[in-house]
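Readers should treat all values here as calculations from the given coordinates under stated rules, not as data from a laboratory. Since this is a predicted model, take the numbers as computed values, not measurements. All Cβ positions, even for glycine, are placed from backbone atoms using ideal geometry, and neighbour counts span all protein chains on display.
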């Protein structure tokens, strides 16, 4: 799941080197923390959060396949 | 966290050496399927043929199909409720391609012929509603639909005698009205 979000964020970002993703196990769910450069925030969030929500849709597929609940947090 | 079927070692980096937009789109789609553990799949690029493919709007359609029955079933998850996840895949793919290329090519993604099946269902619905409107003179409002689906209704009925169509409402609640012409 971390890999999926990292791949997408790096593909979307203008500065892929600044992309960092961490997976936090909270017991009943996994939180994927995505960090990007300040200037790339818009590129991974999108207008009205459309890009972030599309990433959440794919994360849902990944987490369902892995048998867990996951949440994407863009920090 | 392990996703069944996904290799442990990648793909880690987005495509950096694509030949053109189609190459980038096709290879990115392959990477996404790999990352989701859906490796037993085929991707075939073709020209759009019907309104449901986005003929006149889309440059190419990528048909994703499972190589075996189990994978075809698993692909249902990637289609999502009312095709919403499929739409997210297509949207992300186009955002990624357009951030790398200046061109105006837009790519469609279909999974297990979902769009084709949905298109046929919408065409049947449009024709049924049109004959009811003709018979009764009533205005019939269809359930809310995304833009691509509304377009199929409009195109199906544009040459139909005795009825006309219009979209009403905003955003996710936008609906097609079929009314006597």
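Of the DSSP beta bridges with both residues in the protein assembly as shown, give the percent that are antiparallel, rounding to the nearest 5. Present the calculation step by step, with values, prior to reporting the outcome.
Working: 20 of 30 bridges.
Expressed as a percentage, antiparallel bridges in the protein assembly as shown total about 65.
May I ask you to derive the FRET efficiency for residue B:140 and residue B:50 from their Cβ-Cβ distance with R0 = 22 Å, giving the value to the nearest 0.05?
Working from the Cβ atoms, E equals 0.40.
Rg and Dmax in Å for region B:118-180, alpha carbons only: what are they?
Cα-based Rg and Dmax for region B:118-180 come out at 10.7, 31 Å.
Can you list the residues of region A:1-25 with backbone N under 15 Å from a point 7 Å past the Cα of residue A:73, pointing along Cα to Cβ?
Only A:21-25 fall inside the zone, counting backbone N under 15 Å.
Per the helix-only calculation at 222 nm, which mean residue ellipticity applies to chain B, given -39500 (n - 2.57) for every DSSP H run of n ≥ 4 and division by its residues, nearest 500 deg cm²/dmol?
Estimated from H runs of four or more residues: -14000 deg cm²/dmol.
For peptide B:163-171, compute the average count of partner chain beta-carbon atoms within 10 Å of each residue's beta-carbon.
For peptide B:163-171, the averaged partner shielding equals 0.
For chain A, what is the relative contact order in percent, using Cα pairs closer than 8 Å and at least 6 residues apart in sequence?
33 percent.
If I fit a long axis through the Cα atoms of helix A:2-12 and take the longest principal axis of the Cα atoms of chain A, what angle between them do I get, 0 to 90°, rounded to 10?
20 degrees
Helix A:50-66 against the longest principal axis of chain A: what's the angle in degrees, Cα atoms only, rounded to the nearest 10?
Orientation of helix A:50-66: about 30 degrees from the principal axis.
Counting only DSSP beta bridges with both residues in chain B, what percent are antiparallel, rounded to the nearest 5? Numbers along the way, then the final one.
Numbers: 14 of 19 bridges.
Of all bridge pairs located within chain B, approximately 75 percent are antiparallel.
What's the ranking of B:122-134, A:58-70 by average number of surrounding C-beta atoms within 10 Å, highest first?
A:58-70, B:122-134
Using all alpha carbons of region B:21-112, what is the percent of pairwise distances in each 5 Å bin, ordered from the shortest bin to the longest?
Using 5 Å bins, I get a P(r) of 3, 14, 25, 27, 19, 9, 2, 0 for region B:21-112.
Determine, from the Cβ-Cβ distance of residue A:15 and residue B:121 and an R0 of 41 Å, the FRET efficiency 1/(1 + (r/R0)^6), rounded to the nearest 0.05.
0.40
What is the average number of partner chain Cβ atoms found within 10 Å of a Cβ in A:13-19?
1
Averaged over all directions, how much area does the convex hull of the C-alpha atoms of region A:2-74 cover when projected, in nm²? Each step should come with its number before you reach the end.
On the way: hull surface 17.8 nm².
With every direction weighted equally, the projected area is 4.4 nm².
Quick one: which of B:106-113, B:67-74 comes out on top by average Cβ neighbours within 10 Å, and what's the full order, highest first? Show your work: numbers first, answer last.
Working: B:106-113: 22.0, B:67-74: 13.0.
Most protected by this proxy first, the peptides run B:106-113, B:67-74.
With N residues in the protein assembly as shown, what two-decimal value do you get for its Cα radius of gyration over 2.2 N^0.38 Å?
Cα-based Rg divided by the globular estimate yields 1.11.
Run the simple label-point estimate for residue B:179 and residue B:128 please: 7 Å along Cα→C-beta, distance reported in nm.
A separation of 2.4 nm, rounded to one decimal place.
Region B:63-136 to region B:155-175: how many Å between their Cα centroids?
19 Å
Going by alpha carbons, how many degrees (0 to 90, nearest 10) lie between the helix axis of B:69-79 and the longest principal axis of chain B?
The angle comes out near 70 degrees.
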